[in-house]
Amino acid sequence: MKSRIWVAAVMGLLATALSATLANAQCNPAPNYPGVMIKFDADAWAYETAYSTATLISAPGSQLTVVGRVSVFCSPFADLDPTDLNTDYTFIWDGLTSQGTVTTPIGSSMRYTTKYVGGGFRIYAGSPRNAPTAATLPALPAPGVVPDAFVDGTMILGGGMDTLVVIFTRTSTGSYTSSFRANYWGTGGTRYDQVGGDVNLLSGAWCVVPPGPSTPLGTCPLPAGWSAHPNGKWDTPLSVPALPSTWGKIKTLYR
Amino acid sequence: MKRAALLLLLALSVIAVPAFADSDVFLLGFAGYDYESPNPNPGPDPGNYLNIGEGYKALGFVTDFGAYLAPYVNITANEYTYYYYDLTVQNYAYYPEFGYLEVGFANPGRGRFYEDSHATGTPAWYGVYPPNATAPSTFIDGTVFLGGHIEYLVLSYDFGANQGGFTGNIHFDEGSLLSQIPLAQRDGWTLSGLAGRPNPAIPDGYDHQISGECRIPGPVPAAHRTWGALKALYR
C-alpha cells in the first residue's frame, strides 16, 4: 500500500514536468492545403455557468468558457516552442452564449446538440508556466487560477468565432462520440499580421464528463465544476498575409 | 514501533496527489485525416459512406505525448505518426430524417504509432486520393513505438452539421515503448472529432479532418484516511 501511495504521488508530480509537446516537427500539411496552425491536446477544459453534468444539458443563456494550453505550433507560428520551460502558451474562449441543448433520440442513440454564439478567443504567451495541467486541474471555482492563469502574459493572437456547434452522441452501444466546430478569424495580437482576418476552421473532439457514476467509453471524468475536455486545433487561414520587409532583407535571402 | 509506523503511514497517505489520479490519463494526441479503403462505393455522401464491408483508415501525426511516453521520445530528431487500419464496417445505421449516421466496426482493428528519424527516414506526406504513393507508406515506416488492437470502435456523423466523431477501446500490446506503460494500464481507449466538408484543409480523396487522442487507465490513487480509519485496519 505504501509503495502504491508513493507511485501515485510521484506520477502526479511527473505528469506536470514530463509532458512532451511538439514544436513544429509534426507540421506537414498536404501541399496546397491549409493545415493545422495551432493544436491543443491534454490540457484543455470547458466550464459553463448553467450546465448539468447529470443531464448533459446546457441551459439557454449559459456562458461557456474554454481554457487550455497549446501543444503544437505550425506555420506561421512554427518559431514558437510550446515546450519552452519559461513560456506558458495558453488560451481562452469566452463570450460564448448557449442557445440551449437540443436532445434528439435517434433509434437507441441520443444526440445532444448545443450551439454557442457571440464568442471569441485569445492566445497568450506568459511566464512563468503557471496554468494547471491535466494532473493538477483544480475543482471549480478556482479563484486566481481559472481563468486567471490562462490569460496572463502577452496576447499573441485574438479573434472572433461564429457559432460554435458542440455535438456529442450516446451511441447505440452506450459509448459517446463527440465533436465541436466553429469558424474563427483573427482581429488582434502581436502575431496578428501573420494570420490576418481570413476565416478558417476551429474543430476537434469534445469529451464530456460522464453523466453518472460509471464512465462510459468516450467520456472524461474531471474535477467538479468542469463540463468537458476538448481536443482540437485552429487551421491556418487560407491566405496568410504578406509580411512587410526591406530591400536589404530581401537581398540577404539570395546571398 | 508499530505506532511510529502507523504515524508514518498516515503522513504518507495525505500526500497531495492529483484530484483525479484514479481517472484515465492522457497518453498521446494526434491530428490527421481519414479515408475509406477498400471503398467499392466511393463518395462521402450518406448513401455511399462507410457501407457494410467497407474499410476505414485514419492516419496523421502524433502531436503530444503524456507523462508515460514523454521521457522516451525525441521530437527534434524524429517524426511521429499514427495509422488506424483493419477496420471493416460491420454495423450500419443511417437516419436520413436526422442526417445521422452511426457505424460499428468488426473487432479487432489495429492502431499503430511510429517513430521515424528525420535524418534517415522519409517525411510523411498525405498526397491525394489515398492509398497513394505516400499514404499510408510514409506514415508507417520507421519503428512501431506503440501499437494495439482496436475494439468496439463506433463512428457517428451528422451530415447537417458536417461533423462527427469516433471512440473505441485500444489495448496496447506491442512497440518499443510498450514497457513504459504498466501492464495494468494497457487497456486504453481512443476518441476523435471529425470535421467534414466544406473544409478547405481536407485533401482530395480524404473524408474528414481528425483531431483526437488516446487515453489509458490512471495509476492506483492515494486515498485520504483519518487516524481512526487507519487504526481500524490493524485491529
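Values quoted throughout were computed directly from the atomic coordinates according to the rules given, and no laboratory measurement underlies them. All values reported here derive from a predicted model rather than from experimental measurement. Backbone-built Cβ (ideal geometry, glycine too); neighbour counts: all protein chains shown.
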Of the convex hull drawn through the C-alpha atoms of segment A:34-253, the volume per residue in Å³ is 127
Mean projected area, convex hull of alpha-carbon positions in segment B:25-233, reported to one decimal in nm², is 14.9
Computed over the Cα atoms of segment B:136-223, what is the ratio Rg over Rh, Rh following Kirkwood?
-> 1.06
Surrounding net charge for residue A:119, when Lys and Arg each add one and Asp and Glu each subtract one, Cβ distance under 10 Å = -2
Using the Karplus equation 6.51 cos²θ - 1.76 cosθ + 1.60 (θ = phi - 60°), what ³J(HN,Hα) coupling, rounded to whole Hz, does each residue of segment A:159-171 give in order, writing x for Gly and Pro?
-> x, x, 9, 7, 4, 8, 9, 10, 10, 10, 10, 7, 6
Stick to Cα atoms and the Kirkwood definition of Rh, then tell me Rg/Rh for segment A:83-157.
-> 1.14
Cβ density ranking, 10 Å radius, fewest first, applied to B:84, A:47 yields A:47, B:84
